[in-house]
Amino acid sequence: MKDKLIIFDTTLRDGEQSPGASMTRDEKVRIAKALERLKVDIIEAGFPAASQGDFDAVQAVARAISESTVCGLARALDKDIDRAGQALKEAKSSRIHTFIATSPIHMKMKLQMTPDEVVDHAVKAVKRALQYTDNVEFSPEDAGRSEEDFLCRILEAVIDAGATTLNIPDTVGYSVPEQFGATLKNLIERIPNSDKAVFSVHCHNDLGLAVANSLSAVMNGARQVECTINGLGERAGNAALEEIVMAVKTRSDVFPCQTDLDTQGIVSCSKLVSTITGFPVQPNKAIVGANAFAHEAGIHQDGVLKNRETYEIMRAEDVGWSTNRMVLGKHSGRNAFKNHMTELGVEFNSEEDLNDVFFRFKQLADKKHEIFDEDLQALVSEASMESEEQIKLIALKVCSETGEMPSASVTLKVNDQEVSGSATGGGAVDASLRAIESLVNTGADLQLYSVNNITSGTDSQGEVTVRLEKENRIVNGLGSDTDIVIASAKAYINAANKLQAPDLRRHPQNTGDV
């Protein structure tokens, strides 16, 4: 029997630290349920001490999940650990993940602690976490730049204190595979009580080596990998869950371990995370990109037609690509619609919510011939966003004519009062966004405007992402419609609503992170 490789997903915590990728509590629960269906072993739901919003989200995930272990991050501080313990109180299976920096530069410049003080804090943190759960993980932050002798010392101490998982993070993405794998091997061999804990890795992708470093560690004894859907994460992101899992599965002849994941749910989970965060998946992304199983070169097409394995090392069906099409249409009934949404993992809080999304589905079915699962995910996200918005789009009229300056007139409902405005611009979208801004006065800078088609065809819904920045606060707005101008307006309004809401989240990278 092969060893089990534990999959620790941190999309809801580290993934959310991508600028503009903050998720609401309900969105976190939706993603957590998708991860549970994927059979992810550990779901790191957030950093409860970071803000009240993060605490509420971790608590909601803990209540909603029964099959996976729910984890909360905490610095090696009493108040952080107590907060995590309180947030995880109702979890069927919980873990507290505590950390402290161990590299010389972090200890001296950031913590301003001696090595002895760092070890003392780590041991006390683990012991305090054990008051809430017997499943405690410890991470030496910036392990990739830490001295090996000191890592051995602190890790031995936290194992003695009761830590059951030791996570070795390459916090700044500095490591390379051969060196990182050797570090894991040395730690396991040198630490006297290493057999009493599972060794884990958490790699960042600053040099594009997160997956390679993680797999090198697995080959050298790591039995847990921390990763995110689509490789989401701060800076250049984290190791991509889908790449780790499929590498281990596809190259079972090489890796001495296996995962328990239901890989057929990978693509749908990827699309859900992309829709909620507004971070599109690049077409040539491994496993989940639109071109991952596409063949254009004639010699490749010929080979695949004769035998799939000539150019494909895994089946598209194994990661969920065969299940993206639905047979529902404008004549489909409410019960069939509800059943299909259940298959997609979408649960409605009330009959009113179901009726709202079903009505949107019928409207979309009148506009386009084929409806895909991606369309439905977009409808659910749109309905969820609009239910919380104080600014809503009522009407939009755009005039674009050759040789004339495009103009737009818009009517919004702002705090239950209708207001109207108009503007001109360099194009239909520019004029529309200017008209909206004249009414909502965000005063924000437009940092990103991105358009992606949700599915194929000229009648496809367009999905627009708008990123606004104001006073160092970054928010993403998302909108979808078969009319790209309307989708753009929805995205801008969604971002404006987020700027109006209180900024409850304080990202953990402000105080340290793994």
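The values are calculated or read from the model by the stated rules, or taken from the named source; none is laboratory data. Predicted model only: the values in this text are computed from it and were never measured. Backbone-built Cβ (ideal geometry, glycine too); neighbour counts: all protein chains shown.
From the list 70, 61, 29, the lone residue that is closer than 25 Å to residue 161 by Cα and either free of Cβ contacts under 8 Å to residues at least 60 places away in the same chain or in the same structural domain as residue 477 (by TED's automatic domain parsing) (or both) is 70. Summed over the stretch 114-142, the residues that are under 27 Å from the mean Cα position of the chain (by Cα) and of a type in the set (Gly, Ala, Ser) give a count of 2. Scan 210, 163, 182 and give me the residue that is of a type in the set (Gly, Ala, Ser), surrounded by fewer than 24 Cβ atoms within 10 Å (Cβ to Cβ) and either in contact (Cβ under 8 Å) with a residue 24 or more places away in the chain or touching an Asp or Glu at 6+ places or on another chain (Cβ under 7 Å) (or both). On inspection, the qualifying residue turns out to be 182. Taking the numbered list (1) in contact with a Phe, Trp or Tyr (Cβ under 8 Å, 6 or more places away or on another chain); (2) surrounded by fewer than 18 Cβ atoms within 10 Å (Cβ to Cβ) in turn, residue 421 passes all entries but (1). Has the stretch 130-147 got any residue that is over 26 Å from residue 48 (Cα atoms) and either assigned to a loop (DSSP other than H, G, I, E, B) or at pLDDT 95 or above (or both)? Yes, the stretch 130-147 contains at least one residue that is over 26 Å from residue 48 (Cα atoms) and either assigned to a loop (DSSP other than H, G, I, E, B) or at pLDDT 95 or above (or both). Does residue 39 satisfy the condition of being within 23 Å of residue 265 (Cα to Cα), assigned to a loop (DSSP other than H, G, I, E, B) and out of contact with any His (no Cβ under 8 Å at 6 or more places or on another chain)? Yes. Here is the figure for the stretch 392-406: residues that are of a type in the set (A, V, I, L, M) and assigned to a loop (DSSP other than H, G, I, E, B) total 1. Just one of the listed residues (157, 122, 163) is more than 26 Å from residue 12 (Cα to Cα) and of a type outside the set (Asp, Glu), namely 157.
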